[in-house]
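Asker: This is the structure, below, for whatever I ask next.
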Amino acid sequence: MTRSAIDGKPAVQCAQRNSPMKPSLPLATLFHPFESGAIAMPDEGRVLFLGAEPGFRLPEGFGADLHLVQGFRPHFRTLEALGYNVSTQPEGLGYDAALVLAGRHRGQNEDWIAEAMERVVPGGLILVAGSNEDGIGSLRKRVNKLAGADGSLPKHHGVAFWLRRPADAASLVAALRPQPVLVDDRFTTAPGMFSHNRIDAGSKLLIECLPDKAKGLAADFCAGWGFLSASLAERTQGLARIDLYEADHGSLGAARKNLASLPSPPEFGFFWHDLVGEKVERIYDLLVMNPPFHQGRAAEPGIGQAMIKAASGALKPGGQLLMVANRGLPYDQVLKAAFKDVRELRSEGGFRVFAARK
């Protein structure tokens, strides 16, 4: 998960075929070629939907069986509650078509298109859409250069484009697959994860404030691909266990792999979890956190505020939260309301590190 792509809001608890939520513009763009008649409506078969988000409404006459892929837990929970067939990663072959909802991360978008190429039948439709501000134009040019798009259609400040899967897609898949990323010569990551190509400055500042010794159970909220947990295991002696909580399924999987190589680590626990919408059942002595504060491109401090409250609820009396946040975010009051003792440990490079005692 990225800190610019939030940990999300609570899932909507209802069950119906189409979401009552207003669709995002890219979602509306994605289904526009069907609604306009530019592409024939799929009235049967199986359609893979990569990057599916809540809020879409299927056009009248769309009768194919949808298989949704979404690894962001708040979205996953909402889609599942709405009755859709949803998984955290692509599964199976032989789909008749694939839909790709493109986002801000080029590598992730290209990886999804490669997945679609592998999983649809030869000649199967691959329809991609995204917003102009997220770079859908450059993605379309890239795919068109590699494979040749059959058509495109602008709508809702975005573009939808489509192509057919060739009989031999191996070279296209290889060209689209992003190369593995290794951060600091030890952490494996992937495009779409928070700070996937470097250790972010806020986390670097936070680890300088970790205690040398601590006892009991610790947790890493918004753990990403495991940098803070690895640093806690290496810098703080005496911990019996560190639990990682992360909303992005892919990031949590990367963290599991990254922590497996640590010498003599404490026990680790891994929780795919929506910290805003799901209660944390365990109680901890120490908690570290670098919370997100954006939804898309808009800052939403309420997300971090909700996670501060979740952290307070997950700490035992006397337990400590160590948190880094961007300077200027309105966290002081919610910290003081949720904790009996709050101190600012560091303020540097646009970031602040807080220590809060329950």
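The values are calculated or read from the model by the stated rules, or taken from the named source; none is laboratory data. This one's a predicted model, so the numbers in the text were calculated from it and none came from an experiment. Positions of Cβ are generated from backbone atoms using ideal geometry, with glycine treated the same way; all protein chains shown enter the neighbour counts. These area figures cover heavy atoms from the full protein model, side chains too; ligands, DNA and RNA do not enter into them. Shrake-Rupley method; radii C 1.70, N 1.55, O 1.52, S 1.80 Å.
Asker: Residues of segment 87-129 being in contact with a Leu (Cβ under 6 Å, 6 or more places away or on another chain), assigned to a strand (DSSP E or B) and over 15 Å from Leu27 (Cβ atoms), which ones?
Answerer: Tyr95, Ala97, Ala98, Ile126
Asker: Here's another thing I want to ask about it. Could you grab me the full set of residues in segment 202-217 that are open to solvent by 30 Å² or more (accessible area, probe 1.4 Å), in contact (Cβ under 8 Å) with a residue 12 or more places away in the chain and either hydroxyl-bearing (Ser, Thr, Tyr) or farther than 10 Å from Arg235 by Cα (or both)? Full working, then the answer.
Answerer: Here is the first cut: in segment 202-217, the ones open to solvent by 30 Å² or more (accessible area, probe 1.4 Å) are 204, 208, 211-213, 215, 217.
Retained after the next criterion (residues that are in contact (Cβ under 8 Å) with a residue 12 or more places away in the chain): 208, 211-213, 215, 217.
Scanning segment 202-217 gives Lys215, Leu217.
Asker: Let me ask you something else. Among the residues that make up segment 41-50, is at least one of them open to solvent by 20 Å² or more (accessible area, probe 1.4 Å), closer than 19 Å to Trp162 by Cα, out of contact with any strand residue (DSSP E or B) (no Cβ under 9 Å at 6 or more places or on another chain) and without any contact (Cβ under 8 Å) to a residue 40 or more places away in the chain?
Answerer: yes
Asker: Which one is surrounded by the most Cβ atoms within 10 Å (Cβ to Cβ), of the residues in segment 309-326 that are of a type outside the set (Gly, Ala, Ser), at pLDDT 95 or above and touching a strand residue (DSSP E or B) at 6+ places or on another chain (Cβ under 7 Å)?
Answerer: First, the residues of segment 309-326 that are of a type outside the set (Gly, Ala, Ser): 309, 315-317, 320-324, 326.
When the remaining residues are screened for being at pLDDT 95 or above, the result is 309, 315-317, 320-324.
Subsequent filtering for residues that are touching a strand residue (DSSP E or B) at 6+ places or on another chain (Cβ under 7 Å) retains 315-316, 320-324.
Numbers: Leu315: 23, Lys316: 12, Gln320: 19, Leu321: 25, Leu322: 23, Met323: 27, Val324: 24.
Restricting to residues being of a type outside the set (Gly, Ala, Ser), at pLDDT 95 or above and touching a strand residue (DSSP E or B) at 6+ places or on another chain (Cβ under 7 Å), the top hit is Met323.
Asker: Would you tally the residues in segment 327-341 being part of a helix (DSSP H, G or I) and surrounded by 12 or more Cβ atoms within 10 Å (Cβ to Cβ)?
Answerer: Initial filter on segment 327-341 (part of a helix (DSSP H, G or I)): 332-338.
This time we only want the ones that are surrounded by 12 or more Cβ atoms within 10 Å (Cβ to Cβ), so: 332, 334-338.
The qualifying residues number 6.
Asker: Being modelled with pLDDT of 95 or more, surrounded by fewer than 20 Cβ atoms within 10 Å (Cβ to Cβ) and outside any loop (DSSP other than H, G, I, E, B) narrows it down to one residue among Arg198, Arg241; which is it?
Answerer: Arg241
Asker: Right, another one. Criterion first (more than 30 Å from Glu246 (Cβ to Cβ) and open to solvent by less than 30 Å² (accessible area, probe 1.4 Å)) does Gly130 satisfy it? Before the answer, list the steps.
Answerer: Working: more than 30 Å from Glu246 (Cβ to Cβ): no; open to solvent by less than 30 Å² (accessible area, probe 1.4 Å): yes.
No; evaluated as a whole, the condition is false for this residue.
Asker: State which residue is farthest from Trp112 (Cα to Cα) when the search covers only segment 132-182 and only residues that are among the acidic types (Asp, Glu) and part of a helix (DSSP H, G or I). Break it down into steps so the answer makes sense when it comes.
Answerer: If we filter segment 132-182 for residues that are among the acidic types (Asp, Glu), which is where we start, we get 133-134, 150, 168.
Then keep just the ones that are part of a helix (DSSP H, G or I); that gives 133-134.
On the way: Glu133: 19, Asp134: 16 Å.
Filtering first and then ranking leaves Glu133.
Asker: Find all pairs meeting these conditions: Cβ atoms under 8 angstrom apart; at least six residues apart or on different chains; first residue within segment 303-314 and basic (Lys, Arg); second residue in a helix (DSSP H, G or I).
Answerer: Listed by first residue and then by second, the contacts come to Lys309/Val334; Lys309/Ala338.
Asker: Restricting attention to segment 218-248, which residues are hydrophobic (A, V, I, L, M, F, W, C) and within 18 Å of Trp272 (Cα to Cα)?
Answerer: Applying the first criterion (hydrophobic (A, V, I, L, M, F, W, C)) to segment 218-248 yields 218-219, 221-223, 225, 227-228, 230, 232-233, 239-240, 242, 244, 247.
Correct list: Ala218, Ala219, Phe221, Cys222, Ala223, Trp225, Phe227, Leu228, Ala230, Ile242, Leu244, Ala247.
Asker: Something else: Return yes when Gly304 is more than 20 Å from Ala355 (Cα to Cα) and not in a strand (DSSP E or B) and no when it is not. Can you show your working first?
Answerer: Numbers: more than 20 Å from Ala355 (Cα to Cα): no; not in a strand (DSSP E or B): yes.
No: the conditions fail for Gly304.
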